Amino acid sequence: MNKKFIPPQNLVIGIVGNAEKPSTCETAYELIRILNERKISYRVQKAIAAQIRSNCEYDVSGSAVEASALLSKSDIVVSLGGDGTILRTARLVGNSNKPILGVNLGKLGFLAELNFDELRNSIDQLLKGDFEVEDRTVLKATYRRDDVEESLFALNDIVIDKAGSSRMIDLETHVDSDYLITYRADGIVVSTPTGSTGYCLSTGGPIVSPESRVMVVSPISPHTLSARPVIVPDNRTIRVVAYSSFKNVLVAADGQAGEPMRPPAEFVISLAPYRILLLRRNKNGFFSLLRSKLMWGVDIRSEKEP
């Protein structure tokens, strides 16, 4: 159940984004103008502040901080970019319980709530409390390297796949103590409901409503056609042992550069002890998002010119 967002007194907004996108500077500058008009405090990621000063000739250096320090100085974080930027913002936010508001400067934008032309009205709605806080599941993948336990965290998915070879690998998969299957495939995706519209979807996995408390296990290009994606409750643990006779295997969280592991390599995937909070407008639902982003129900024949 989503909770109503109640803006705190003396609200401080943190602004982060993809500094490589030219549109990030313009969007950040417009957002800062809106916040100044409404006398709302803000902190800006240093890389974006430098762009604003260079490209827009506007100095916000007094509010500029490193991304690592921005979190402690902000009540909410506005993420400017695409879904990849929001995934990076989620790693920055971690277990702090700071809500993220996404502004889409990319293509699909499943996680981003706003577009550029909605900024002004949406900030006013935010200040009135017309937003909800939606919590999203996070996965934790644990493995051992040189007898040291390491962990990765993912809002979308944990991916285990082959490295530098066209050969398939074997992925012995267990759910708790129950043996599930050994996938012979290019890899495996363990996804949250949030990640079901990402890599999981391209592997033939289902689309899962975000409030569902499940994980999706999907093989990547399995050699056995009967090996299908499996949905399991998220209070279970997925254990994957990866075997390869050729080269290393890789483990990656949310599409980041993979960590090479010498096979056989064992990975234990379970719920992280925290969730990521996303700010959503009350009027927007998940199914309307699917219809607009994936163009469900659109008959392309009716879109053609005579």
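Throughout, read-outs are computed from the coordinates displayed, never taken from laboratory work. It should be emphasised that the depicted structure is a prediction, and the values quoted were computed from it without experimental measurement. Ideal geometry is used to build each Cβ from the backbone, glycine not excepted, and the neighbour counts take in all protein chains shown.
Note on the stretch 57-103: Cα-Cα pairs beyond 16 Å make up 40% of the total pair count.
Quick one: dipole size for the stretch 139-271, taken about the Cα centre, charges +1 on Lys/Arg Cβ and -1 on Asp/Glu Cβ, in debye to the nearest 20.
That gives the stretch 139-271 a dipole magnitude of about 320 debye.
Look at the dipole of the stretch 140-184 built from charges on Cβ: of T182, A141, F153, the Cα furthest out on the positive end belongs to T182.
What angle, in degrees between 0 and 90 and rounded to the nearest 10, separates the Cα long axis of helix 22-37 from the longest principal axis of the Cα atoms of the chain? Value to nearest ten degrees: 50.
If you take all C-alpha pairs in the chain, what percent of them are over 35 Å apart? Across the chain, Cα pairs with separations above 35 Å total 28 percent.
Listed from fewest to most Cβ neighbours within 10 Å, the set I15, I231 follows the order I231, I15.
In the chain, what % of DSSP beta bridges are antiparallel (nearest 5)? Don't jump to the answer; show the numbers that get you there.
Working: 59 of 77 bridges.
If I count the DSSP bridges inside the chain, around 75 percent turn out antiparallel.
The angle separating the long axis of helix 46-55 from the principal Cα axis of greatest extent in the chain is about 50 degrees.
Taking other C-beta atoms within 10 angstrom as a stand-in for reagent exposure, M261, M295, M168 fall in the order M295, M168, M261, fewest first. Per residue, the chain reaches -6000 deg cm²/dmol at 222 nm when only DSSP H runs of four or more residues are counted, each adding -39500 (n - 2.57).
What do you get for Rg/Rh of the stretch 134-187 when both radii come from the Cα atoms and Rh is the Kirkwood radius? Using Cα coordinates only, the ratio equals 1.02.
Trypsin sites (Lys or Arg not before Pro) within the stretch 212-274: which are DSSP loop residues with at most 12 other Cβ atoms inside 10 Å? Loop-located and lightly packed - R213. Put simply, the Cα atoms of the stretch 139-271 extend 38, 34, 29 Å along their principal axes, the longest span coming first.
In the stretch 139-271, with Lys and Arg counted as +1 and Asp and Glu as -1 at Cβ, which of these residues, H223, Y243, A253, has the Cα nearest the positive end of the dipole, that is, farthest along it? Projecting each Cα onto the dipole axis, the largest value belongs to H223.
What is the chain's relative contact order, in percent, from Cα pairs under 8 angstrom and six or more apart in sequence? Walk me through the numbers on the way to the answer.
Working: 664 pairs, mean separation 53.6, N = 306.
Normalised by residue count, the contact order of the chain is 18 percent.
The largest-to-smallest principal axis extents of the Cα set in the stretch 229-285 are 52, 26, 24 Å. For a modelled paramagnetic label at F246, 7 Å from Cα along Cα-to-Cβ, the residues of the stretch 177-202 in reach, with backbone nitrogen under 19 Å, are 183-189.
Which trypsin sites (Lys or Arg not before Pro) in the stretch 43-120 pass both tests, a DSSP loop state and at most 11 other beta-carbon atoms within 10 Å? Walk me through the numbers before you get to the answer.
Numbers: sites: R43, K46, R53, K73, R88, R91, K107, R120; in loops: K107.
Loop-located and lightly packed - K107.
Which residue fluctuates the most in the chain, going by a Gaussian network model with Cα springs under 10 Å, if the choices are P233, P99, P210? It is P233. Among L294, L139, L70, determine the one that fluctuates most according to a GNM of the chain built with springs between C-alpha atoms less than 10 Å apart. Checking each option, the largest mean-square fluctuation is seen for L294.
Can you tell me the 0 to 90 degree angle between the C-alpha axis of helix 119-128 and the longest principal axis of the chain, rounded to 10? Once rounded, one gets 90 degrees.
When the chain is treated as a GNM with alpha-carbon contacts under 10 Å, the residue of I220, I100, I52 showing the greatest mean-square fluctuation is I52.
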